[in-house]
Amino acid sequence: MMMNNMFDLLEHAIMTGEKLGVKLVEARSDDFSIREISAEREEIKDVKAIRQVGIGVNVFHEGATGYSFATESSKKAVEEATKRAFKISKASAKIAKVKVDPGQGKPQRQKELKLSVNKHPEDFSITFKKDMVLRTVEAAKEHGKNISSIACRYGELYGEKCFMNSEGAQISWQPLLVDLRIYVLSKLGNVLADGSDGMGGSFGLELFDTKEYLPEEIGGNAGKWAAEKLEAKPAPAGKYRALCENRLGGVLAHESFGHLTESDFVVSGMSPLAGKMGEQLGSEHATIIDEGILQMKRNHGFWLPFDDQGVKTAKTTILDRGKLTHYLHDRKTATFMDSSFTGNARAINYNFPPIVRMKNTYFSPGNLSFEEAMEQLGTGIYAIRTAGGQANADGTFMFKAVRGYYVEHGEKKYPLREVTLAGSILNFLKNIEGATKELFIYSSYFGGCGKGGQYPLPVGLGGPHLLVREVQFGGEK
Amino acid sequence: MMTFDPDQIADELSTLAELGIKKAEGLEEAEVFISNVDTLNVQVYTGIVEARQGMALGLGIRVVHAGKVGFAATSGIDKAKIDSTMQEAIQVAKARPLDPKFKHLPDPISISSKDGITDKQLLEFSEEEALKEIEVLSEEALAYDKRVKALNGVVVLNKGVFTIANSRGISTCSKGTILGGGVYLTAMENGKQKTGLEQLESRRLVDFCEVGSKAAQRAIKMLDSKPLGKSLRTTVVWENIAISPLLRGMFNTASSAQNVQEGRSYFKGKLNQKVADEIFTIIDDGQLHEGLSTFKTDAEGIPSQTTTLIEDGVLKGYLYDSYSALYEKRESTGNAGRRWPEPFLFTPAVSTSNLVVKPGKNDLDGLTSQVDEGILVTDFIMGAGHSNVVTGEFSVVAPNAYLIKNGEVKHPLESVTIAGNFFHSLKNVTEIGSDSKITDVGKIPSITIKDLTVSG
């Protein structure tokens, strides 16, 4: 489907909606090409090639919204989707206790916006990417010990998103995401130890030509780290000062704090941050930002120039030196709460209407060097990355760091096996004592964010190394 | 207005799938999978209504080229897309190495099977009715108690048709319509915030009037919670909806014949051995009439069947798709699954259909009355998805739990963590409830398990 044809179809949705007399029509198309390759050791297990094209229509009518979509790219299908969206919005309006209003937009006109990359994945064969996967596996084998299994995955997503609304906006841009990751399991006697590494973001395949992210480097790290963990000791349980590595801090910023600032939770009263605007929640070292366009070359991340309501993505400081300064909005919550638009209305694909989601969420860097941070840590735990955990609506969390070190007098003493961090995000924010200078943001195809059945939505998360006192470690028998 | 008539759609999709197979003449083998799923989803967030409806149509093609399998998928469908997707699948096949385990695509198996309950009334269930239900549901919840402050309610109607044709003679079509509704809400008092969840899913038209008040009741009770304040090994009574996701996660992995073959299943080498207490019997019932995952065939066109996994504590069988079955020169159990609501995007993989645990005699109250000291876990648990499904190690958080003393359910508890090994726990099942509940996991009763680590 040529893009101009796509705009013709979207235009038809706008016209149909206007004829029906709705307040605002938003029409968008998502055209995604997706490739996934997965390997177990050197055996390629699965290769997937997917093309997802569809059109979604969202209407605002009498204080309610209605959304419909179609996977057929014809005028008839678009017209029917628009009529369906209208019908739903009309029925919804009858029972909606809280009326919603999209406010007044600033219609943007920008077409074919894209990142300039050297090696766009579209131009490279599946075989080329398969070889990248095999190089990663090979390196893991070379640097690992007593390996019992290796799982390696490559994923990419690219395509075109077009957007129009009845205010006159016309936008198209080309999302891009590549992701390479590997998981190594080593086994010695009864001891199981895992190691993993990966890198992803809005880049061409040249990302994996840079020294730090060569398949050899990524695979080698995973193998090495799994081997190291075979010798590791369990983390001591109790409260310790901690140094949280960039990705781990990013997951905390996103999972346990970011979600609470999503204004749909705030408006509905579910978020414990409702009514706390302007309150001092964290220390002066705790600043959290949500942003769409980063300095990709320096900080990496996921490139998101517009949200799915055609709003230019803002750089939003949600926590400013400990003080709650902003919620994240779509047009209706921003209007409802009398806030500026932040560009956080996102949908994973045409099946869904945009809802309030994060972009790239990260802790702001501080002024410490890594060495200074280790020195200030003194005796405590250096916790690195996370393989998952749980953040609750009340702000409590439990995350498992993938690796870690016990540190004494600023020196790494010994590697740790699984490290569980638990606590409440509000206490965590109060206890932040400092941050390092660097800013690193990680984005991934496989491990995106899930909300309202929309998973995995690409987001970025990260920050500097964070120095935090009194973090609860352990907690498992 | 376009309406979703499953019979008519089934005919159209079958014709297209057959056409696809004709186009594949000259290829070694081919399989065309087409699905169309109409979703009506209505949600309310404390007064704000969000609704969507649409059809997700698309096709996924598997081809065999030089003995290697390639898969490609696309949304939407027309003749040109069949061609381009088939070409893409061939490219994928070329890039893959030869898999010595792969024999061929499945052959037709003649076992009679049918779709689950079809309720004509559900096909005509409109957005107005869905909105009406959700209005009642949220009013019931908010009216139950003033301390109920925020809620998220949802009513979903899914109407689906999928058809499969392959070059070895399979040509089938399955249909199903499911209505679900639920509410997740928050109650607040003196700065304390507690949640409650209730849901109901069915192949028949049901009303949701009690769902709202039940969720409210669950959250309100929790406002009196006290910390457990210790860590102990004790008995845990799991309410049906709390244990269901953990059961599925574990059995989906451990009962998969492919995982057994590849050494990733706890049940490997344990066939006909005692793996659970003798009161524990679990089957995978792809033909459970009222089951939410009941279709005429699986996602490869193999008739859905009933497979005994554990009978009276003894491991009796594994679940097969055609890939794992042909490797062992036996027949598939009809357990190839592709993920909803856009199954065409996925290659088939072994998955459970409806897991059914044989119920016992006592209801939930009966179960707790048998426990001297322990805890009762209700609603949902968090972290089931982070369990180690290979070894069985799990550590989950239960936001809704109660202390049990001398057979009596005492005060509610602040969030507790429950840890243990699921597969070892199967031998520690001490009682099974009579209160089986239909969910997307299957039909599962409440279950009592002794000797788990609980801390809080």
Checklist entry - Which shape class applies to chain A: rounded if a/c is under 1.5, otherwise prolate when a/b exceeds b/c and oblate if not, where a ≥ b ≥ c are the square roots of the Cα gyration tensor eigenvalues? => result oblate
Checklist entry - Can you work out ³J(HN,Hα) from phi for every residue in the range A:45-54, in order, using Karplus 6.51 cos²θ - 1.76 cosθ + 1.60 and θ = phi - 60°, giving whole Hz and x for Gly and Pro? => result 8, 8, 10, 10, 10, 10, 10, 10, 10, x
Item to check | J(HN,Hα) series, the range A:57-66, from Karplus relation 6.51 cos²θ - 1.76 cosθ + 1.60, nearest Hz, glycine and proline x | outcome: 10, 10, 10, 10, 8, 6, x, 10, 10, x
Checklist entry - Within straight cross-link reach of A:Lys332, meaning Cα distance under 14 Å, which aspartates and glutamates are found once same-chain residues fewer than 8 apart are removed? => result A:Glu26, A:Glu62, A:Asp101, A:Glu262, A:Asp264, A:Asp307, A:Asp308, B:Glu50
Checklist outcome for this item: Between A:Asp123 and B:Thr3, the two model label points (7 Å from Cα along the beta-carbon direction) sit apart by a distance in nm of 5.3
Next on the checklist: Could you tell me which residue out of A:Phe86, A:Ala70, A:Asn146 lies farthest along the dipole of the range A:3-230 toward its positive end? Charges go on the beta carbon: Lys and Arg +1, Asp and Glu -1, centred on the Cα centre.
Outcome noted: A:Phe86
Checklist entry - Quick one: length gained pulling A:Glu212 to A:Lys187 fully straight, 0.36 nm per residue minus the C-alpha distance? => result 6.3 nm
Next on the checklist: At a 10 Å Cβ-Cβ cut-off, how would you order B:His424, A:His326, fewest neighbours first?
Outcome noted: B:His424, A:His326
Item to check | FRET efficiency for A:Glu375 and A:Val98, using Cβ-Cβ distance with R0 set to 51 Å, rounded to 0.05 | outcome: 0.45
Checklist entry - To the nearest Å, what is the center-to-center distance of the range B:167-234 and the range B:23-40, using C-alpha atoms only? => result 36
Checklist outcome for this item: Taking the square root of 5λ for each eigenvalue of the C-alpha gyration tensor of the range B:231-455, the equivalent ellipsoid has semi-axes, largest first and in whole angstrom, of 31, 17, 16
Item to check | Inter-label distance, nm, simple model (7 Å from Cα along the C-beta direction), A:Phe446/B:Asn388 | outcome: 1.9
Checklist outcome for this item: Interchain or sequence-distant (5+) residues whose placed amide H lies within less than 5 Å of the amide H of A:Arg41 are A:Ile150, A:Ala151, A:Cys152
Checklist entry - Simple spin-label model, 7 Å along Cα-to-Cβ: A:Lys437 to B:Arg233 in nm? => result 5.3
Item to check | Residue order, fewest to most beta carbons within 10 Å, for A:Tyr406, B:Tyr323 | outcome: A:Tyr406, B:Tyr323
Checklist entry - Full extension from B:Ser202 to B:Glu262: what is 0.36 nm times the residue separation minus their Cα-Cα distance, to one decimal in nm? => result 18.0 nm
Next on the checklist: Greater than 23 Å separation of Cα atoms is the criterion. Which listed pairs, A:Lys119/A:Lys437; B:Lys120/B:Lys175; A:Lys90/B:Lys120; B:Lys81/B:Lys329; A:Lys119/A:Lys211, meet it?
Outcome noted: A:Lys119/A:Lys437; A:Lys90/B:Lys120; B:Lys81/B:Lys329
Checklist entry - How much mean residue ellipticity at 222 nm does chain B get from its helices, if each DSSP H run of length 4 or more adds -39500 (n - 2.57) and you divide by all residues, to the nearest 500 deg cm²/dmol? => result -7000 deg cm²/dmol
Checklist outcome for this item: With a ≥ b ≥ c from the Cα gyration tensor eigenvalues, square-rooted, and the rule rounded for a/c under 1.5, otherwise prolate when a/b > b/c and oblate otherwise, the range B:41-86 is prolate
Item to check | Lys, Arg +1 and Asp, Glu -1 on Cβ, resulting dipole of the range B:238-353 about Cα centre, debye, nearest 20 | outcome: 360
Checklist outcome for this item: Once amide hydrogens are built 1.01 Å from N within the peptide plane, the residues lying 5 or more places from A:Tyr442 or on another chain with amide H under 5 Å from its amide H are A:Leu461, A:Gly462
Item to check | Cβ neighbours within 10 Å from other chains - mean over B:89-101 | outcome: 4
Checklist entry - What does the charge add up to near B:Lys114, with Lys and Arg as +1, Asp and Glu as -1, over the other residues with Cβ less than 15 Å from its Cβ? => result -3
Item to check | Rounded to 10°, Cα long-axis angle of helix B:209-222 versus longest principal axis of chain B | outcome: 50
Item to check | Peptide B:64-77 - average C-beta neighbours from other chains (10 Å radius) | outcome: 4
Checklist outcome for this item: Surpassing 32 Å at the alpha-carbon level, of the pairs A:Lys129/A:Lys413; A:Lys45/B:Lys316; A:Lys312/B:Lys192; A:Lys45/B:Lys268; A:Lys114/B:Lys68, are A:Lys129/A:Lys413; A:Lys312/B:Lys192; A:Lys114/B:Lys68
Item to check | Long-range HN-HN contacts of B:Thr297 with modeled amide H, under 5 Å | outcome: B:Ser304
Checklist entry - Once the Cα atoms of helix B:6-23 and of chain B are each reduced to a long axis, what angle between those two axes, in degrees from 0 to 90 to the nearest 10, is obtained? => result 40
Checklist entry - Taking the Cα centre of the protein assembly as shown as the origin, how large is its charge dipole in debye, to the nearest 20, when only Lys and Arg (+1) and Asp and Glu (-1) carry charge on their Cβ atoms? => result 1140
Checklist outcome for this item: Computed ³J(HN,Hα) along the range A:200-207: with the Karplus parameters 6.51/-1.76/1.60, θ = phi - 60°, integer Hz and x for glycine or proline, the list is x, x, 7, 9, x, 5, 5, 3
Checklist entry - Out of A:Val133, B:Phe4, B:Phe267, whose Cα points farthest toward the positive end of the dipole of the protein assembly as shown (charges: +1 Lys, Arg; -1 Asp, Glu; placed on Cβ)? => result A:Val133
Checklist entry - How would you classify chain B from its alpha-carbon gyration tensor, with a ≥ b ≥ c the square roots of the eigenvalues: rounded for a/c under 1.5, else prolate if a/b is greater than b/c, otherwise oblate? => result oblate
Item to check | Shielding of A:386-393 by partner chains, average beta-carbon count, 10 Å | outcome: 4
Checklist entry - Taking the alpha-carbon centroid of each part, what is the distance from the range A:218-259 to the range A:263-329 in angstrom? => result 24
Checklist outcome for this item: The pairs in A:Lys229/A:Lys412; A:Lys23/B:Lys149; B:Lys361/B:Lys437; A:Lys141/A:Lys229; A:Lys106/A:Lys359; A:Lys48/A:Lys229 lying past 25 Å Cα-Cα in this model are A:Lys23/B:Lys149; A:Lys48/A:Lys229
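Values in this text are rule-based calculations from the coordinates and carry no lab data. Quick caveat, the model's predicted, so the values are computed rather than measured. In this analysis, Cβ positions are derived from the backbone assuming ideal geometry, glycine residues included, and neighbour counts consider all displayed protein chains.
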